[in-house]
1. For the chain, what does -39500 (n - 2.57) per DSSP helix run (n ≥ 4), summed and divided by total residues, give at 222 nm, in deg cm²/dmol to the nearest 500?
2. Expressed as a whole number of Å, what is the distance separating the alpha-carbon centroids of segment 190-216 and segment 154-186?
3. How big is the Cα convex hull of segment 133-228 in projection, averaged over all directions, in nm²?
4. Which whole-number percent gives the relative contact order of segment 135-263, counting Cα pairs below 8 Å spaced six or more residues apart?
5. Taking amide hydrogens as modeled 1.01 Å from N in the peptide plane, which residues meet the under 5 Å criterion relative to R67, leaving out close sequence neighbours?
6. Share of antiparallel DSSP beta bridges in the chain, in percent to the nearest 5?
7. Please list the radius of gyration and Dmax for the chain, considering alpha-carbon atoms only, with Å as the unit.
8. Can you give me the angle between helix 124-136 and the longest principal axis of the chain, using Cα atoms only, in degrees from 0 to 90, rounded to the nearest 10?
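The values are calculated or read from the model by the stated rules, or taken from the named source; none is laboratory data. Note that the coordinates shown come from a computational prediction; the quantities given were computed from them, not determined experimentally. Glycine gets a Cβ as well: all are built from the backbone with ideal geometry, and neighbour counts include every protein chain shown. SASA here: full protein model, heavy atoms, side chains in, ligands and nucleic acids out. Shrake-Rupley method; radii C 1.70, N 1.55, O 1.52, S 1.80 Å.
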Amino acid sequence: MTQQPFKGRRAPLLYADNLAFHYDDHEVLNSVSVDVFAGEVLALLGPNGTGKSTLLKLLLGLTQPSRGSVGLGGTPLTQLSRRTIAGQIAYVPQHHVSPFPYSVRQVVAMGRFHHSGLLGRSSQRDALVVEQVLQRLRIDHLAGRPYTEISGGERQLALVGRALVQGANILMLDEPASALDFGHQARLLAELRQLADDGYAVVMTTHHPHHARMIADRALLLKNGIVNAVGTPAEVLTPVAIQQLYDLSEQELAAFTRGMAAA
Ligand SMILES: Nc1ncnc2c1ncn2[C@@H]1O[C@H](COP(=O)(O)OP(=O)(O)OP(=O)(O)O)[C@@H](O)[C@H]1O
């Protein structure tokens, strides 16, 4: 599959070349290649269990492929330390439960650990970056609250904050809007778009084609572990492609589309 050109075909920040992955004898991904560019939002879509989260973990170097390779700036991840990778790629997981009642400010500040080290002292600069991100995401009013006592959506925003203070230029988000109300979804999506416009590469999985249409430069459609299509949302997120991707009947798709149009 050819990659779609993106913004004049600059060198990718991150590449995945011909990835395969399986759990025991269950093949999850096969022949997956994708480049990630600075300044873009890349949305990964596909049915439940099709391998989106697994692909993110491979791109992060948290899991090793059974075939193929992932590289940062031309260097395979296997040759880079976790610290180096953390300096460039930040991850916002789908679910995160903290066993301790850290404050939201402390959770966000954890993203600075790779700057100061786990036992290192946080500097004034660390504290400033944390406050700026709390304000940018409009969660500064939650800063002193225990992370264990805020809503799922608020936790999601705190995790985005933790990723931002890390200073990485690639953000990977696993269904970032899944627990958010309509207003927070709209704000988070706008924030992700702004981050890409500021030069970040944003990679996110989503179950919502309209979220990809709203902010993504490219969408990658994954089905049964194989890339069905990659291109601009207008090119690849056609009604027919969505119907096939999610095995919808024409009536189901039409009813859903009517509901979206009415929203
Ligand atoms: N630890 C594991 N051991 C065995 N199989 C696993 C494990 N984690 C995931 N799988 C399987 O790998 C496949 C891909 O899972 P993955 O979580 O990547 O899918 P996904 O597309 O992100 O799904 P969803 O949209 O439901 O979050 C699924 O069939 C899943 O059951």
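1. -11000 deg cm²/dmol
2. So the two Cα centres are separated by 11 Å.
3. Averaging across all directions leaves 6.9 nm² for the Cα convex hull.
4. Values: 112 pairs, mean separation 20.1, N = 129.
About 16 percent, as a whole number.
5. Sorted by chain and number, the residues that satisfy this are A20.
6. Numbers: 20 of 37 bridges.
Just about 55 percent of them are antiparallel.
7. Looking at the chain, its Cα Rg and Dmax stand at 18.6, 59 Å.
8. For helix 124-136, the angle is close to 50 degrees.
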